[in-house]
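Computed from the coordinates by the stated procedures, all read-outs in this text should not be read as laboratory data. Bear in mind that the values here come from a model prediction, so they are computed numbers and not experimental data. In this analysis, Cβ positions are derived from the backbone assuming ideal geometry, glycine residues included, and neighbour counts consider all displayed protein chains.
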Amino acid sequence: MNDAVRHSPGLWALAWRRLRADRVAMVALAIVALYLVSLLLSATGVIARHWDAEVGVSYAPPSFLGAETAAQRDAPRIKVPPAPPAENPRDPLGPLLKRLRAERAAGQGGIDYYGIQDPLAGDITKLRAKLRAEPDAGVAKKRATLPFGADKWGHDIVQKTIKGSETSIVVGLTAAFLATLLGTLFGAISGYYGGWVDDCFNWFYSVFTSVPYLLLILAVAAVLHQKGVLTIVLILGLTGWTGVYRLIRAEYLKHKQREYVLAADAIGASHASRMFRHIFPNVSHVALVQLSILTVAFIKSEVILSFLGFGVPVGVASWGSMLNEAQNELILGKWWQLVAATTAMAVLVTAFSVFTDALRDALDPKLK
């Protein structure tokens, strides 16, 4: 009994106990953990290493739809040859053109409708014969169907979605960590010192929040010019700290006048010690919840930026770039890349949002 009283559980132990009692939150946590495991496996090359290999034909359909016939696959690209010009009875070259067209019809010389000699006709004929004789060469190696289809270049959609999740999740987590770090640091300094320091940070905060968020992101993207993962992290991290700053500042304004901080001041603790060793552990749950909320928001922001052309460069897979490609594929009736990227993003964002809500409730000290 005395041991139980002496070793009472702390804030984090109580939070974990409440979190484990929520079955929905644990399912959401398992889904998020599964995504993180796939991220690590993809980053280390265990899975989706050859996502950019042309393993299927262009726009190969999913296996459950079956393979397309050659006529269906080539229908959008069939070009109708031009009709031969009408014969002129007074044309002095009429007999010559008739003879040349007859030779072309007989397969002699590779001459088109207008009687023009094709210098590559012989080489093309030999190449076609070689491809027919070697069924494993060239396009014949590519599969007609894939588990969830292929894109324009024959990339496997499943592997591309896994590789795209690596980019999107890394951007979301890294940018959220940067924004939370900046917001926590600025909020701690502003709330603890107050006075003119607080006024300066509030002015800086007001400037950022006065500009519409999407316009601010696009403006920073236009200034940085170069595309890439690091650029997106900087764009999102340098513009997304304002919400964290507001909450952390309010917590520091409240805690700096409490007895334990005044006692630390009385024993000679420095300002940095009071800010980060005494006050921050009592407000760290706010920063943690904001970190998880910003991760979800920045994953969606990366998708929007890549969709608008301000995101990752060409050749880097992400959910945003997949959706950008899918808008052109829908015209041709190829829907599988859109469904794969949308489903993967929706499942992760939903699971992360549910887990964030449960974590906020579990860390709320008012809940017993």
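Side notes on the structure shown:
- For the residue pairs 142/227; 142/334; 98/126; 152/300; 227/334, the C-alpha atoms sit more than 20 angstrom apart in 142/227; 98/126; 152/300; 227/334.
- A simple packing score, the average count of other Cβ atoms within 10 Å per residue, orders the peptides 296-303, 326-333 as 296-303, 326-333, with the highest score first.
- Between residue 56 and 143, the built amide H atoms are under 5 Å apart, and every one of these is 5 or more places off in sequence or on another chain.
- Gain on full extension, evaluated as 0.36 nm per residue between residue 67 and residue 17 minus their Cα-Cα distance, stands at 12.8 nm.
- Theoretical gain in end-to-end length, residue 222 to residue 271 [0.36 nm per residue, Cα-Cα removed]: 13.7 nm
- Other-chain or far-sequence residues with amide H under 5 Å of residue 146's (modelled H): 63
- The local environment of residue 318, defined by Cβ-Cβ distances under 14 Å, has a net charge of -1 under the rule Lys, Arg +1 and Asp, Glu -1.
- Added length on full extension, which subtracts the Cα-Cα distance from 0.36 nm per residue, residue 330 to residue 253: 22.4 nm
- Residues whose amide H falls under 5 Å from that of residue 311, counting only those 5 or more places apart or on a different chain, are 306, with hydrogens built in the peptide plane.
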